[in-house]
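Below: one structure, written as structure tokens.
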Amino acid sequence: PLHPDANDRIAKHKAMVSYVDHAVGRILSALASEDFGDNTIMIFTTDNGSGGNLTGQLFDRQIKGGKAKLKESGCNAPFIVSWPKQIKAKRVTSALIDFTDLFPTLVDLAGANLPKQAHLDGSSFADIIRGEDSDSKRSWILSMGGGVAAFKDGRVVPKKEFADRVIRDLRHKLWIEDGSPTRFFDLELDPAETKNLILSTSSDHVAARNRLLEVFANLPKKDATPRYEPNPPQEWDKVKNE
């Protein structure tokens, strides 16, 4: 799996993919050797799409990477769950989820209970993983961009007070840039997001656009600037400093 002779971007990318495959294989083999394989939940995902210098294939479409962009090639991340005891191989769902749903889902799968006062943006999709349901619990999901945040006065401060973002349902997608709606796409007919329908007067487009605009209207006007508490010194840090 190691490719020490990889000397260009494409070769290095292929080497990284190969090594990830090798590392995941080691984890699965270790679980199987301890007889945990069939009843262990493995989630494989990423935080964004590939870089713009890479082109991949999805079914019959060639897709250029869109890392850090709000196109689907940038914010639609792979999400694979393996649970041999519960999930049939190659089952696919089009249910909407985003990363705010991961924490409540993991709590649900673990059989734990959240504190009653806990307020979460996400919701559990454990029943979809278990195969008990396949329908989306969400009517919309959101993804944000807008540049790299800065660390200032103990807080993580976004580059913009209101980061650029996209809000989408199963079919339609609304872009918000510099605080205003700028683009609207029908992903079923236009998965590459080439035909901006923001000014369309079609009744279907107007209805779908208004549903997503209502979500936008109810979002906070400024993004949070959470306080960051640095991790305590780790054993590795102590070793390095000795």
Notebook entry, point to check: Residues in the range 75-111 that are among the hydrophobic types (A, V, I, L, M, F, W, C) and under 24 Å from ASP35 (Cβ atoms): how many?
Noted result: 8
Next item on the list: May I ask you to list the residues in the range 188-213 that are of a type in the set (A, V, I, L, M) and either surrounded by fewer than 13 Cβ atoms within 10 Å (Cβ to Cβ) or modelled with pLDDT of 95 or more (or both)?
Entry: LEU189, LEU197, ILE198, LEU199, VAL206, ALA207, ALA208, LEU212, LEU213
Next item on the list: Could you list, in sequence order, all residues of the range 135-163 that are at negative phi, more than 16 Å from the chain's Cα centre (by Cα) and open to solvent by less than 80 Å² (accessible area, probe 1.4 Å)?
Entry: ALA149, ALA150, VAL156, VAL157, PRO158, LYS160, PHE162, ALA163
Next item on the list: May I ask you to list pairs of residues, at least six apart or on different chains, whose Cβ atoms are under 8 Å apart, with the first in the range 1-16 being on the phi > 0 side of the Ramachandran plot and the second being surrounded by fewer than 11 Cβ atoms within 10 Å (Cβ to Cβ) and among the β-branched types (Val, Ile, Thr)?
Entry: none
Next item on the list: Need at least 3 residues that are under 29 Å from TRP175 (Cα atoms), open to solvent by less than 40 Å² (accessible area, probe 1.4 Å) and touching a Pro at 6+ places or on another chain (Cβ under 6 Å) per element, so show me which strands (runs of 3 or more DSSP E) inside the range 8-107 make the cut, counting only ones lying wholly within it.
Entry: none
Next item on the list: Would you mind listing the strands (runs of 3 or more DSSP E) fully within the range 131-242 where at least 3 residues are touching a helix residue (DSSP H, G or I) at 6+ places or on another chain (Cβ under 7 Å)?
Entry: 172-177
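Would you mention how many residues in the range 122-138 are touching a residue at least 24 places away in the same chain (Cβ under 8 Å) and either over 18 Å from CYS75 (Cβ atoms) or out of contact with any Leu (no Cβ under 8 Å at 6 or more places or on another chain) (or both)?
8
The values are calculated or read from the model by the stated rules, or taken from the named source; none is laboratory data. These numbers come from a predicted model, not from an experiment. Don't worry about glycine lacking a Cβ; one is built from the backbone with ideal geometry, like all the others, and counts go over all protein chains shown. Calculation scope for accessible area: heavy atoms of the full protein, side chains included, ligands and nucleic acids excluded. Shrake-Rupley method; radii C 1.70, N 1.55, O 1.52, S 1.80 Å.
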